[in-house]
Amino acid sequence: DITRLPVTIVSRCMLAHCAPLQAEDMKEVCLAMGFSDDVLDLVQAIAMGCPGQVQALQDGDVAKACLQWQSLCADIQRADIGKINAWLNQHANSIPHDLIVSILALPLETSLQHLDANQTSKQMVFDTFASLLAWPAEVVRHSLRPAPALLVRILEMRRVLKEHVVSNV
């Protein structure tokens, strides 16, 4: 998770970009990495062809917590904010932030693809979604406490969806 590395280290690193794996190759790599069947679907959904992005899910405790996070975020408009807050307070400091936001974004991305709203409302929703996706970098850049910073963004996303989107989202 490059966002967790000190800037002095990142400045001395050289990034090598690789093409994402095809779905069947990704599944083969995930199985070789030892992912259990219960997390395999989640791994493939958020890895986007890059198995290194989900390496943390090889830890059973992290995988269990992420599966719980996935169920909490399945419908963000109707999600139990108390349970989300409790999960964030327990796990936001130990699970890679990119992983947390990737899981959160999955159901939102699907909903936003079928967005039925006027242009101004669409812009508000997409700006709020972009803020949600920027959370990992913002935590590092501004030394924010992860749990409350993400909770604020989730609440803002809920508010914007409620105010600006027709009920099919």
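For the stretch 1-70, the carbon plus sulfur part of the accessible surface works out to 56%, probe radius 1.4 Å. Treating only the Cβ atoms of Lys and Arg (+1) and Asp and Glu (-1) as charged, compute the dipole magnitude of the chain about its Cα centre; round to the nearest 20 debye. It comes to approximately 680 debye.
Each residue of the stretch 94-107 was assigned a 3J(HN,Hα) from its phi angle through the Karplus expression (A = 6.51, B = -1.76, C = 1.60, θ = phi - 60°), giving 10, 9, x, 4, 4, 5, 4, 6, 5, 5, 4, 6, 3, x Hz with x at Gly and Pro. Think of a 1.4 Å ball rolled over the protein heavy atoms: the stretch 119-163 then has 55 Å² of accessible area per residue. Extension gain for the segment ALA19 to SER71, taken as residue separation times 0.36 nm less the Cα-Cα distance, is 15.7 nm to one decimal. Surface analysis of the stretch 28-81 yields an accessible area of 53 Å² per residue, using protein heavy atoms and a 1.4 Å probe.
Karplus-based coupling profile of the stretch 21-30, in residue order and whole Hz: 6, 5, 4, 5, 5, 4, 4, 4, 5, 4, with θ = phi - 60° in 6.51 cos²θ - 1.76 cosθ + 1.60 and x standing for Gly or Pro. Overall, the accessible surface of the stretch 95-169 at a probe of 1.4 angstrom is composed of carbon and sulfur to the extent of 54 percent.
In the chain, helical runs assigned H by DSSP with n ≥ 4 each contribute -39500 (n - 2.57); averaged across all residues and rounded to the nearest 500, the mean residue ellipticity at 222 nm is -19500 deg cm²/dmol.
How charged is the neighbourhood of LEU21? Take every other residue with its Cβ under 10 Å from the Cβ of LEU21, and add Lys/Arg as +1 and Asp/Glu as -1. Residues close to LEU21 contribute a combined charge of -2.
Note on the stretch 1-65: with charges restricted to the Cβ of Lys and Arg (+1) and Asp and Glu (-1), its dipole about the Cα centre is near 420 debye. Other residues lying with their Cβ under 12 Å from the Cβ of SER36 contribute a combined charge of -3, Lys and Arg counting +1, Asp and Glu -1. In a simple Cβ point-charge model (Lys, Arg +1; Asp, Glu -1; nothing else charged), the stretch 65-165 has a dipole of about 220 debye relative to its Cα centre.
The values are calculated or read from the model by the stated rules, or taken from the named source; none is laboratory data. Keep in mind the model is a prediction, meaning the values are calculated, not measured. Note that we place each Cβ from the backbone using ideal geometry, even for glycine, and neighbour counts take in every protein chain shown. Heavy atoms of the whole protein, side chains included, go into the accessibility calculation; ligands, DNA and RNA do not. Shrake-Rupley method; radii C 1.70, N 1.55, O 1.52, S 1.80 Å.
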